[in-house]
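Visitor: Below you'll find the structure I mean.
The values are calculated or read from the model by the stated rules, or taken from the named source; none is laboratory data. Just so we're clear, the structure is a prediction, and the values are computed from it rather than from any experiment. Here the Cβ is made from the backbone with ideal geometry for all residues, glycine too, and neighbour counts use every protein chain on show.
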Amino acid sequence: MAEKKAKKTTKKQEAPKMATEKKPAAKPRVGVFICHCGTNIAGSIDIEALQEYAKSLPDVAFADNYQYMCSTPGQNKVIDAIKEHDLNGVVVAACTPRLHEPTFRTASKEGGLNPFRFEMANIREQNSWVHMHDREGATDKAKDAVRIAVAKAALLEDLFPKSVPVEKAAMVVGAGIAGMQAALDLANAGIKTYLVEKEPTIGGRMSQLDKTFPTLDCSQCILTPKMVDVGRAENIELMTYSEVENVEGYIGNFDVTIRKKARGVLTPAEAEAKGIVGGGCNGCGDCDEVCPVIKPNTFEMGMKPRKAIYIQHPQVVPLIYTVDFDTCVKCGLCVEACGDKKAIDLEMQDEFVTVKVGTAILATGYDIFEIEKKDEWGYKKYENVITSLEFERLICASGPTGGHLVRPSDGETPKKIAFLLCAGSRDNTGVGKPYCSRFCCMYSLKHAHQIIEKIPGATPYLFYMDIRSFGKMYEEFYYRIQDEGARFIRGRVANVLEDPVTKNLKVMADDTLLDRPMNLEVDMVVLAAAVQPTRQADPVRKLFGVSCSQDGWLLEAHPKLNPCGTTTAGVYLAGVCQGPKDIPDTVASAEGAASAASIPIHKGEVELEPYFAQCREEICAGCGMCVNLCPYSALALVEKEGRKVMEVTEAKCKGCGTCGGFCPGGAIYMQHFTTPQIVAQIDAFLLGGEE
Amino acid sequence: MADEWEPKILGLVCNWCSYAGADLAGSARTQYPPDIRIVRVMCTGRLDPLFILKAFTDGADGVLVSGCHFGDCHYLEGNYKAAKRMFMLKSLLKNIGLEDKRMRMTFVSASEGAKWATVVQDVINTVKTLGPNPLKELQS
């Protein structure tokens with residue numbers, strides 16, 4: 001292969017970088033270590049045979065096996081063998097490198113080897129676990145996997161991670177309870193934090209709730225002080241009515257561009273900057289009174305009107321009005337009413353600001369599933385069928401009815417109310433969501449309690465599949481609601497029909513405990529609708545390079561070992577954007593994410609995996625094809641010795657290798673995934689086996 | 001029959017989506033036949049079409065290239081670029097008289113363990129229908 005001739009004339013700083021500068025390649029001496037993983041691997045693969053086979057491979061100097069390679073004695077085997085057998089390559093055949101590559105790299109390093117001379121053969125996730133009943137097939141596959149790994153290990157080179165400084169600032173996207181908690185924690189840890197929220201106010205879903213289970217704390221009472229803290233925190237720069245527009249860079253150095261949507265209103269600070277003394281919005285609401293445009297308030301689930309210039313509710317943070325330019329008719333009455341404060345600017349345009357942050361937390365939250373898709377329950381067809389979030393607003397003292405629960409059809413107080421749990425959750429029909437939404441059982445119990453408490457003689461009927469009251473003091477709360485007189489019917493509701501005259505609802509279900517059909521007439525139906533990721537989560541996650549599960553929930557790096565991290569270094573998850581969580585779990589996850597996001601910042605520098613592209617200038621023809629292929633603008637053509645060659649900015653290169661896959665002359669050298677290494681793996685598989 | 005022909009299939013998969021998806025199939029103990037060997041790259045964008053040609057001249061009966069879904073690439077667009085190259089490679093294979101179905105590009109995300117198992121099973125079935133790589137006969 002031409003790459004072997006690679007020679008580079010340019011001087012390199014501290015560490016030798018690539019093939020060019022390595023000493024004449026020593027003869028490969030690879031050690032192979034095979035893990036039993038208890039019976040996880042040994043149960044399906046013949047370890048003895050695999051070890052014998054490994055010993056027979058030309059570049060293998062030593063082979064061993066152990067019950068649990070990741071344990072201290074297992075790792076010591078690697079450390080000792082490197083020294084004893086003068087190994088220059090290590091292969092561990094065990095689980096996936098996505099789990100233990102870092103473990104064994106550290107062990108190799110401790111043995112005195114460059115950690116990048118380690119290669120893993122995955123014989124568990126991609127072998128013993130998927131061929132559990134084919135010992136012969138699994139053992140053959142393991143032999144091939146070891147042979148392929150040894151072929152790569154024999155060609156591995158010393159590589160040196162690049163240290164880059166970390167910007168001492170963080171970003172949190174989404175200012176619900178998760179984002180607020182994460183931002184407060186970061187700010188309290190002394191980190192400048194940009195908190196970006198698409199709505200005009202922070203607070204998120206929690207601010208729409210009336211009470212919280214199982215303590216029955218008033219949601220606003222515990223949330224509002226936190227909102228105020230966020231608004232006042234010195235280290236938090238609040239960016240409400242703003243969205244992430246673009247993300248560039250990498251851990252330690254993200255450049256995030258934020259679109260600050262035109263809100264048509266100046267804050268006092270903005271007014272002062274414009275030379276309007278004592279001006280800017282003080283939240284007086286004079287504009288609101290004169291505005292002639294009326295729209296439904298989404299915060300109140302559309303059950304209360306707002307104007308074209310509005311605040312969503314009295315506790316908003318920041319207390320600044322917002323002009324909804326989609327509906328504003330620009331009559332100018334508000335400008336007049338505002339007077340000398342000169343806070344309103346109806347010609348305001350969106351602004352873009354770019355900030356540099358070291359790490360970022362996504363906390364984009366959830367939406368309610370479009371429950372009208374389950375048309376058997378009649379949402380949006382029958383007036384007295386509402387969702388639980390609408391129920392929250394109706395029962396809330398600050399809501400559209402001042403906390404009096406009324407039927408939307410006639411304003412009467414309902415006496416018999418049916419709650420349909422798992423409305424769209426745990427649904428395998430393809431219409432709803434297959435997962436459990438996790439907090440609907442508990443808030444429905446809370447709703448039952450609120451009805452009994454507020455409406456004398458009222459009876460809640462809860463139609464459930466299973467009551468999942470798994471948290472601290474949750475089961476006790478369930479007993480309490482049972483004792484208070486709520487009725488529980490174990491059965492999924494098949495159909496809801498409306499009496500066209502009374503607007504009462506007939507709920508039809510099977511009572512599976514009594515094994516008999518039920519037909520219950522109620523005044524109101526409340527659907528405990530499934531939750532789903534917000535619409536905005538998808539574009540945001542794509543900008544930050546975060547994957548999602550099939551349901552759209554953002555994907556953590558590892559569900560157990562790295563639940564707050566993502567596969568993009570420096571980007572973390574908090575709250576329900578990752579999957580349904582109740583408030584305590586959300587806050588815990590937010591604190592976890594904040595802690596994780598603060599680590600690189602406090603450390604001050606991070607190491608980037610040295611999978612950088614390198615240009616072999618003597619071969620490079622300077623065509624520049626690679627320059628346009630690079631999604632990170634890491635490559636450029638530069639003039640050297642009278643001709644054009646490609647140059648890599650290592651800090652920008654993320655090591656995807658897209659340039660290397662395309663270079664027509666083979667001039668790009670992808671460290672750790674070089675052409676000779678990959679070809680050696682292919683050859684080892686197809687040509688290296690016993691004939 | 002005891003010595004039924006088992007095809008040799010090379011899987012070239014990206015680290016972030018398909019390799020993780022294959023791991024997930026393992027964690028979920030989803031069973032599929034052991035006829036595939038995996039070589040991991042960081043991104044399918046790394047794949048030089050020559051690697052696949054090399055595999056075929058080495059005697060691979062099938063090659064599966066698997067990356068992230070479009071729009072989901074860890075490196076933004078490496079999978080688009082790979083897909084383009086694989087599309088051209090397929091037409092080349094057809095033109096030189098090698099069944100282009102021996103080569104397949106799929107998109108399996110980190111959360112699609114079951115899909116990975118189905119894809120592998122599918123590729124094995126297809127390759128088994130096609131029979132051994134004809135290049136092997138030429139070489140012997």
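Visitor: Select, from A:Asn562, A:Asn519, the only residue that is farther than 24 Å from A:Arg205 by Cα and within 13 Å of chain B (Cβ to nearest Cβ).
Guide: Criteria check complete, one pass: A:Asn562.
Visitor: A follow-up question, please. When you check A:Arg124 against the structure, is it within 14 Å of chain B (Cβ to nearest Cβ), in contact (Cβ under 8 Å) with a residue 12 or more places away in the chain and crowded, with 24+ Cβ neighbours inside 10 Å, yes or no?
Guide: Considered against the rule, which asks whether it is within 14 Å of chain B (Cβ to nearest Cβ), in contact (Cβ under 8 Å) with a residue 12 or more places away in the chain and crowded, with 24+ Cβ neighbours inside 10 Å, A:Arg124 comes out as yes.
Visitor: Quick check on A:Pro676: is it more than 8 Å from every other protein chain (Cβ to nearest Cβ) and touching a residue at least 60 places away in the same chain (Cβ under 8 Å)?
Guide: Spelling it out, A:Pro676 is indeed more than 8 Å from every other protein chain (Cβ to nearest Cβ) and touching a residue at least 60 places away in the same chain (Cβ under 8 Å).
Visitor: Which is among the acidic types (Asp, Glu), surrounded by 19 or more Cβ atoms within 10 Å (Cβ to Cβ) and touching a strand residue (DSSP E or B) at 6+ places or on another chain (Cβ under 9 Å), of A:Glu390, A:Glu370, A:Glu383, A:Glu376?
Guide: Every option except A:Glu390 fails the conditions.
Visitor: For the stretch A:659-681, how many residues are of a type in the set (A, V, I, L, M) and surrounded by fewer than 24 Cβ atoms within 10 Å (Cβ to Cβ)?
Guide: 2
Visitor: Which fully enclosed helices (runs of 4 or more DSSP H) of the stretch B:16-108 have 2 or more residues being of a type in the set (A, V, I, L, M, F, W, C), within 21 Å of A:Pro97 (Cα to Cα) and under 16 Å from the mean Cα position of the chain (by Cα)?
Guide: Qualifying helices (runs of 4 or more DSSP H): B:18-27.
Visitor: Looking for whichever is assigned to a helix (DSSP H, G or I) and among the charged types (D, E, K, R) here; the options are A:Lys446, A:Lys433. Which one fits?
Guide: Exactly one residue qualifies, and that residue is A:Lys446.
Visitor: Tell me, yes or no, whether the stretch A:157-171 has at least one residue that is within 30 Å of A:Leu223 (Cβ to Cβ), in contact with a strand residue (DSSP E or B) (Cβ under 8 Å, 6 or more places away or on another chain) and either small (Gly, Ala, Ser) or within 14 Å of another protein chain (Cβ to nearest Cβ) (or both).
Guide: Within the stretch A:157-171, one or more residues are within 30 Å of A:Leu223 (Cβ to Cβ), in contact with a strand residue (DSSP E or B) (Cβ under 8 Å, 6 or more places away or on another chain) and either small (Gly, Ala, Ser) or within 14 Å of another protein chain (Cβ to nearest Cβ) (or both).
Visitor: On to the next question. Which residue is farthest from the chain's Cα centre (by Cα), if the candidates are limited to the stretch A:473-512 and must be under 30 Å from A:Thr215 (Cα atoms) and assigned to a loop (DSSP other than H, G, I, E, B)?
Guide: The qualifying residue farthest from the chain's Cα centre (by Cα) is A:Gly485.
Visitor: Okay, moving on. Strands (runs of 3 or more DSSP E) wholly in the stretch A:297-381 with at least 1 residues that are aromatic (Phe, Trp, Tyr), out of contact with any Phe, Trp or Tyr (no Cβ under 7 Å at 6 or more places or on another chain) and within 18 Å of A:Arg393 (Cβ to Cβ) - which ones?
Guide: Fully inside the stretch A:297-381 and qualifying: A:366-368.
Visitor: Of the residues B:Ala110, B:Ala82, only one is surrounded by 19 or more Cβ atoms within 10 Å (Cβ to Cβ), small (Gly, Ala, Ser) and modelled with pLDDT under 95; which?
Guide: Going through B:Ala110, B:Ala82 in turn, the sole match is B:Ala110.
Visitor: Please count how many residues of the stretch A:640-673 are more than 8 Å from every other protein chain (Cβ to nearest Cβ) and assigned to a strand (DSSP E or B).
Guide: 9
Visitor: Also: Among the residues of the stretch A:525-551 satisfying the criterion of being within 14 Å of chain B (Cβ to nearest Cβ) and closer than 24 Å to A:Leu209 by Cα, which is surrounded by the fewest Cβ atoms within 10 Å (Cβ to Cβ)?
Guide: If we take residues in the stretch A:525-551 being within 14 Å of chain B (Cβ to nearest Cβ) and closer than 24 Å to A:Leu209 by Cα, then A:Pro533 is surrounded by the fewest Cβ atoms within 10 Å (Cβ to Cβ).
Visitor: List the number of the failed condition for A:Ala621; all other conditions in (1) surrounded by fewer than 24 Cβ atoms within 10 Å (Cβ to Cβ); (2) touching a Gly at 6+ places or on another chain (Cβ under 6 Å); (3) part of a helix (DSSP H, G or I) hold.
Guide: (3)
Visitor: Restricting attention to the stretch A:550-591, report how many residues are within 27 Å of A:Leu608 (Cβ to Cβ) and among the β-branched types (Val, Ile, Thr).
Guide: Counting residues in the stretch A:550-591 that are within 27 Å of A:Leu608 (Cβ to Cβ) and among the β-branched types (Val, Ile, Thr) gives 4.
Visitor: Also, I was wondering about something else. Those residues that are over 18 Å from A:Cys422 (Cα atoms) and in a loop (DSSP other than H, G, I, E, B), I need them from the stretch A:451-470; list them, please.
Guide: A:Ile455, A:Pro456, A:Gly457, A:Ala458
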